[in-house]
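Working notes for the structure below.
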């Protein structure tokens with residue numbers, strides 16, 4: 001993909017000021033000189049020029065018909081789930097982020113939406129999960145936290161034979177590494193809080209529809225529910241897009257080095273990173289994705305070493321987020337999957353020995369040394 005598009009897609013010189021970046025339009029309402037021929041913008045909830053710049057850029061980068069910016073990644077997922085009705089059945093990647101499972105279990109189940117979780121990288125498992133009332137598949141690719149790799153083209157071909165909508169959470173991979181719509185998906189979703197904004201200072205979500213009719217349905221939901229992204233956050237997310245390629249390139253290079261270093265440690269029992277040839281999804285990733293991303297997960301031989309490791313981390317942050325400039329460690333049991341019940345975590349192998357890493361932009365040697373030193377120190381303590 002031409003990386004220059006990240007700089008110029010969706011960007012037009014502002015007609016009023018000739019500024020080279022979209023201004024932040026804070027107006028909530030717009031003058032209608034002729035109400036019988038309304039202007040492009042009338043009310044901020046229905047449309048905003050700054051938000052539209054981000055939406056058009058994302059639609060262009062994902063090769064979709066129309067893009068939408070939401071108040072968070074969960075707001076974007078909520079909008080997608082609102083496409084369905086009581087009695088509809090969804091198939092969702094088993095190994096997906098806890099927030100997705102929380103909103104489906106805690107909210108949408110109360111309105112009659114049925115959900116089954118399965119390994120979407122296993123076509124036979126998908127076939128076994130299909131019901132007469134199944135309407136869609138939500139694939140998280142790569143999955144969180146174990147980075148399972150789904151062949152979007154293969155799943156889309158099968159799903160469309162059964163008239164199913166294919167939705168892909170593309171947060172981990174980003175449009176820099178893959179465009180799921182080109183592979184047959186109908187809707188792509190991002191937590192733009194993460195890699196797209198890229199600096200841990202914006203909360204945002206994005207959805208891009210492959211076809212205009214689906215886009216119109218999403219626009220109705222965005223407008224009717226009032227969950228659109230404010231202009232200030234739209235501006236910062238739009239700015240983050242411009243540096244996505246260089247950030248992803250550097251972070252991915254470091255992630256590969258860290259994965260290889262961790263894989264060589266006797267204290268580490270397993271490393272989940274698609275860039276490692278031993279990863280079950282490595283061949284699929286090589287064939288369908290431009291790269292392997294900046295996220296990895298590993299297991300320590302002794303769960304007690306996880307807690308012992310934390311004080312030995314010098315610059316690495318510990319928390320629930322990912323995709324920023326800084327390296328961040330998350331403990332799925334305590335952070336991204338804390339909303340799951342103990343049984344749900346057990347079913348998904350979310351155990352105390354699991355550590356997820358969002359590799360940042362620090363020097364690769366420093367990152368590797370940080371983790372190797374901390375793990376070895378934890379094992380000695």
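Structural remarks
- Out of 205, 226, 198, sole residue that is touching a residue at least 60 places away in the same chain (Cβ under 8 Å) and in contact with a strand residue (DSSP E or B) (Cβ under 6 Å, 6 or more places away or on another chain): 205
- Residue within region 225-241 that is assigned by the TED database to the domain that holds residue 206, in contact with a helix residue (DSSP H, G or I) (Cβ under 9 Å, 6 or more places away or on another chain), at pLDDT 95 or above and over 30 Å from residue 19 (Cα atoms) present: yes
- Evaluation of residue 99 against (1) touching a helix residue (DSSP H, G or I) at 6+ places or on another chain (Cβ under 8 Å); (2) without any contact (Cβ under 8 Å) to a residue 60 or more places away in the chain; (3) within 26 Å of residue 55 (Cα to Cα) (one fails), failing number: (2)
- Taking the listed residues 208, 166, 188, the one that is surrounded by 24 or more Cβ atoms within 10 Å (Cβ to Cβ), over 15 Å from the mean Cα position of the chain (by Cα) and in the same structural domain as residue 62 (by the TED database) is 166, with no other qualifying.
- Residues of region 291-305 satisfying the condition of being touching a helix residue (DSSP H, G or I) at 6+ places or on another chain (Cβ under 8 Å) and either surrounded by 16 or more Cβ atoms within 10 Å (Cβ to Cβ) or in the same structural domain as residue 190 (by the TED database) (or both): 291, 292, 293, 294, 295, 296, 298, 300, 305
- Residue 314 vs. criteria in a helix (DSSP H, G or I) and loosely packed, with under 15 Cβ neighbours inside 10 Å: no
- Residue count for region 250-275, restricted to those that are part of a helix (DSSP H, G or I), in contact (Cβ under 8 Å) with a residue 40 or more places away in the chain and surrounded by fewer than 23 Cβ atoms within 10 Å (Cβ to Cβ): 6.
- Any hit, region 11-33, residues being crowded, with 16+ Cβ neighbours inside 10 Å, closer than 30 Å to residue 288 by Cβ and modelled with pLDDT under 90: yes
- Put simply, of 285, 308 the only residue that is buried (at least 23 other Cβ atoms within 10 Å of the Cβ) and either assigned to a helix (DSSP H, G or I) or in the same structural domain as residue 366 (by the TED database) (or both) is 285.
- Residues that are without any contact (Cβ under 8 Å) to a residue 60 or more places away in the chain, over 19 Å from the mean Cα position of the chain (by Cα) and in a helix (DSSP H, G or I) do not occur anywhere in region 238-248.
- Boolean, residue 150 is without any contact (Cβ under 8 Å) to a residue 40 or more places away in the chain, in a loop (DSSP other than H, G, I, E, B) and crowded, with 22+ Cβ neighbours inside 10 Å: no
The values are calculated or read from the model by the stated rules, or taken from the named source; none is laboratory data. Everything numeric in this text was worked out from a predicted model, so none of it was measured. Here the Cβ is made from the backbone with ideal geometry for all residues, glycine too, and neighbour counts use every protein chain on show.
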